[in-house]
Amino acid sequence: MTAADALQPAILYLGAGLAAALLSRAVRASPVAGYLIAGLVIGPSGFGLLQNNETTRFLAELGVVFLLFDIGLHFSLREIRTRSDDMITLAPLQLALCGGAFAMLGIAFGFPAPVAALVGLSLALSSTAVVARILADRNLHDCPMGRSATAVLVAQDVIAIFLLTFAVSISEDPTQLGAEALFIITKGVLALALALIAARYIVRPLFETLAQTNNREIFTVLALFIVLAASAATARVGLSLTLGAFLAGMALSDTPYRHVVQSEIMPFAGLFLGLFFMSVGMGVNLPALAAVWPAVLAVSLTLLLTKTSVIFVSARLNGWGVPGATQLGFLLSQGSEFTLVILGVSAIALALPGDWAGLITAAVAVTLVIAPAWTSLGLHVARLAAERDRSSQPALTETTRDRPVVIFGMTEHGRLAADALRDHDITYLGIDQDPERFVSAVSDGYETLFGDFRDPDLMTRIAITDARAVVLGAHEPDADSLPSLTDAHPETCFVLALSTAEAERLAARGFRVHAPQSDPGGARRLSDLLLSLGVSEERLAVWIRDQADRRGAPPGPSQSLAGAA
């Protein structure tokens, strides 16, 4: 084989991926669908330009490895504590209900009970790769719905590790499944402990030493070494590549080098993740799919509708409103890449009656392809639900009893304030008179009511004089409405001005004013707000650092305009 022959598969892979990305952008479609279709075109069922062999499967798995590493970078121990409701309540409830429903369907169609339970739980999982890409494309990572979805996905990925072990154990000695599961859990806990110890006593000092060289290439090499070495280490002890990648990311999440590591890894993550989606497309058997397409379509719809409904119910039981629960259900309803791996275990495929292994594989692939469109449909349905909520406002007595911070206008700046308050367990209430902003905020999980702060009846209903603070995220106030707010809250009425002239005018009326150009990340404005509400300076400093890492900008002081304390 010549060098040109060896390079040909890589050239075809990259060329097809480039074409898919460009065409997806041109037609405003999701890149995920583009990569899946590209894999279908160049794969055995298309023009047969590439075969889905061991090499392509390994490159595809690297995509999931880098994705889990990136998720780990965003999930510090503090973040897990703040999202405990989602990881300890919502995720297990969703898995139990979805897995139980699919397991009962499997038993009804003749699956052996252990296999039905395994396949049912695997179908309850969602695709981390697909959902993460959808959240990134729609810029929903930092909203409540995006954070909850990410927390659920991380919990699912941990469960998936044990499902893979269970799948392999079925083909060996089924009587040892309990002992094997306990052994795997023990190894997982030890791996987490070792990762945290290594981060503190090895990785962090190493980064501090290398930072003094100011050599960017060294950071790139070190970042790649960490993610690949951690993945190989967990694989060596019988766990999975993805668990090692996630633990490595989590170990680095509490260090000041998280942002630079993420920036170094991002190009590799994007490349390999595209290869993963193309590999899934290459694995679809079009001739077989064409012969049984009604059955594949039926299984796909059953999977989507069942998961959407069950996740909606789980979210509602976990305290979500109808719009947010609807959007979460549609977002997490597709199948998972882990299901494809489990069905690839020969013992599982042989245990399924008839051609069910092929049907389920094809159905999962279909759900991955249509996931972006299904999510868009969910967003539309969620907004219709939010519109209905607007026409029938709930009673406010229970909401106002906790003396919330009232945010008028759920703009980007209003959402920043809501995120800051939620991170510090401070109750808030958003109010917006713009229909589109209101519907979007409610759908994304923010506590928001529809109304105008110039409406005296609304101000009485929400007991504005009892609010702990007032934040104006959007303001078109008239002269008569401003004094009523500042008189009630002379020290805690915050506003973002859009110009220096407006800042001077609002400051003269008693507001604490900030401007975007002097406060690009909202750090000073939100610091003033949180300090006024009793948040300690130490906790605030940690939070500002976390926000700077999350939003990809270094923390730094900013200056407020006239009127700021």
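Determine which residues of the range 417-439 fall in the zone a paramagnetic label at Ala463 would reach in this model, i.e. backbone nitrogen under 17 Å from the point 7 Å along Cα→Cβ. Only 427-430 fall inside the zone, counting backbone N under 17 Å.
Residues whose amide H falls under 5 Å from that of Val471, counting only those 5 or more places apart or on a different chain, are Val406, Ile407, Phe408, Phe494, with hydrogens built in the peptide plane. Close amide H pairs (under 5 Å, H built 1.01 Å from N) link Tyr428 with Val405, residues at least 5 positions away or on another chain.
Hey, how many Å between the Cα centroid of the range 231-261 and the Cα centroid of the range 276-322? Comparing the Cα centres of the range 231-261 and the range 276-322, I get a distance of 30 Å. Restricting the calculation to alpha carbons of the range 310-467 gives Rg and Dmax of 21.0, 69 angstrom.
Peptides 185-196, 55-66 ranked from most to least packed, by the mean per-residue count of other Cβ atoms within 10 Å: 55-66, 185-196. Rounded to the nearest Hz, the phi-derived 3J(HN,Hα) couplings of the range 136-149 under the Karplus curve 6.51 cos²θ - 1.76 cosθ + 1.60 (θ = phi - 60°) are 5, 4, 9, 6, 10, 4, 9, 7, x, 5, x, 5, 5, 4, where x marks glycine and proline. Here the spin labels are modelled as points 7 Å beyond Cα on the Cα-Cβ line, and at Leu196 and Leu182 they lie 2.4 nm apart. The Arg403 and His141 beta-carbon pair, evaluated with R₀ = 41 Å, returns a calculated FRET efficiency of approximately 0.85.
Within the P(r) computed for the range 3-385, what percentage of the Cα pairs occupies the region above 33 Å? I get 29 percent for the Cα pairs in the range 3-385 exceeding 33 Å.
We did not get these values from a lab; they are worked out from the coordinates using the rules stated. This one's a predicted model, so the numbers in the text were calculated from it and none came from an experiment. Please note: Cβ atoms are built from the backbone with ideal geometry, for glycine as well, and neighbour counts cover all protein chains shown.
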